[in-house]
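Heads up, the thing below is written out as structure tokens.
The values are calculated or read from the model by the stated rules, or taken from the named source; none is laboratory data. Predicted model only: the values in this text are computed from it and were never measured. Counting neighbours? That spans all protein chains shown, and the Cβs are built from the backbone with ideal geometry, glycine included. Protein only, heavy atoms only, side chains kept; ligands, DNA and RNA dropped before computing areas. Shrake-Rupley method; radii C 1.70, N 1.55, O 1.52, S 1.80 Å.
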Amino acid sequence: MFSSDIDSSTHQQSQTTAPSTLVHELQLGNSLNQCVRESRRADFALMLALLTDDVREHSEFMVPQTVESETHVDTETLRKHFELPETPSLALSSIEELGAFNQAELAANNQLATLRLSQALNPKPLAFRDDTKHIPTVVLANTNIHCQERAMKVERPKTLSMDAKAWLKALAQSIEKEAVSQTAM
């Protein structure tokens, strides 16, 4: 029976090494399968009771850890791998590019397919400027004069210089003149 198997295995373990605790069913070998085949319910229940209660320790959750090498993939590497053209610029970098930006002739001649093809082959910049601080004149015209001066970076004095002694002297003189004029009346 099973109890004699356990006694003999524990006797062998005590002679060789210290007994280890049962963590998962792989340590039992084929004993669980034999209990199911031979309908030994008590032995099967005993073996399951000897296993740990922590489900994370069961063999189903013991996935071998693989170390993956971290590869840094950036835009340029992907563009080279898939043989893609260079990224289109967001704005014109020089005034010479203005001629290539003009596509009005194709649109006027109703050559929209040609326009789409040229855009796909040689992407044009999306804007004339790449200045995040630029405010269009239409927007700036709708603001007050202080905002317009601030946008045009008109230098204003940060603090007014004040001569406190001269101000107090002028104040004292005006008070004296007021007192003299009131006494004269």
Legend entry - Tally of residues being under 18 Å from Leu121 (Cα atoms) and either among the hydroxyl-bearing types (Ser, Thr, Tyr) or surrounded by fewer than 10 Cβ atoms within 10 Å (Cβ to Cβ) (or both) across region 48-80: 1
Legend entry - Boolean, Lys133 is basic (Lys, Arg), outside any helix (DSSP H, G or I) and either free of Cβ contacts under 8 Å to residues at least 24 places away in the same chain or open to solvent by less than 70 Å² (accessible area, probe 1.4 Å) (or both): yes
Inset, instruction - Quickly run through region 21-48 and pick out the residues that are in contact (Cβ under 8 Å) with a residue 40 or more places away in the chain and charged (D, E, K, R). - result: Asp43
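So which of Ala127, Ala42 ends up being open to solvent by 70 Å² or more (accessible area, probe 1.4 Å) and not basic (Lys, Arg)?
Numbers: Ala127 fails: open to solvent by 70 Å² or more (accessible area, probe 1.4 Å).
Answer to the check: Ala42.
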Inset, instruction - Go through (1) within 35 Å of the chain's Cα centre (by Cα); (2) at pLDDT below 80; (3) part of a loop (DSSP other than H, G, I, E, B) one by one and return the number of the condition Ser20 breaks. - result: (1)
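Out of region 25-34, which residues are farther than 20 Å from Asp53 by Cβ and either open to solvent by less than 90 Å² (accessible area, probe 1.4 Å) or part of a helix (DSSP H, G or I) (or both)?
Gly29, Asn33, Gln34
Counting only residues that are touching a Lys or Arg at 6+ places or on another chain (Cβ under 8 Å) and either part of a helix (DSSP H, G or I) or open to solvent by 60 Å² or more (accessible area, probe 1.4 Å) (or both), how many does region 86-117 have? Let's see the steps before the verdict.
As a first pass, look at region 86-117 and keep what is touching a Lys or Arg at 6+ places or on another chain (Cβ under 8 Å): 86-88, 91-92, 100-101, 103.
Restricting the remaining residues to those that are either part of a helix (DSSP H, G or I) or open to solvent by 60 Å² or more (accessible area, probe 1.4 Å) (or both) gives 86-88, 100-101.
Selection size over region 86-117: 5.
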Inset, instruction - May I ask you to list the residues in region 75-85 that are over 26 Å from Asp131 (Cα atoms) and assigned to a helix (DSSP H, G or I)? - result: Thr77, Leu78, Arg79, Lys80, His81
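Each row is one residue, and each column tells you yes or no for (1) touching a Gly at 6+ places or on another chain (Cβ under 7 Å); (2) free of Cβ contacts under 8 Å to residues at least 60 places away in the same chain; (3) among the acidic types (Asp, Glu); (4) within 30 Å of Val23 (Cα to Cα).
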{"position": "Val67", "(1), (2), (3), (4)": "no, yes, no, yes"}
{"position": "Arg79", "(1), (2), (3), (4)": "no, yes, no, no"}
{"position": "Glu83", "(1), (2), (3), (4)": "no, yes, yes, no"}
{"position": "Glu96", "(1), (2), (3), (4)": "no, yes, yes, no"}
{"position": "Ala104", "(1), (2), (3), (4)": "no, yes, no, no"}
Inset, instruction - Have a look at Lys80, Lys153, Lys124 and point out the one that is modelled with pLDDT of 75 or more and touching a Pro at 6+ places or on another chain (Cβ under 9 Å). - result: Lys124
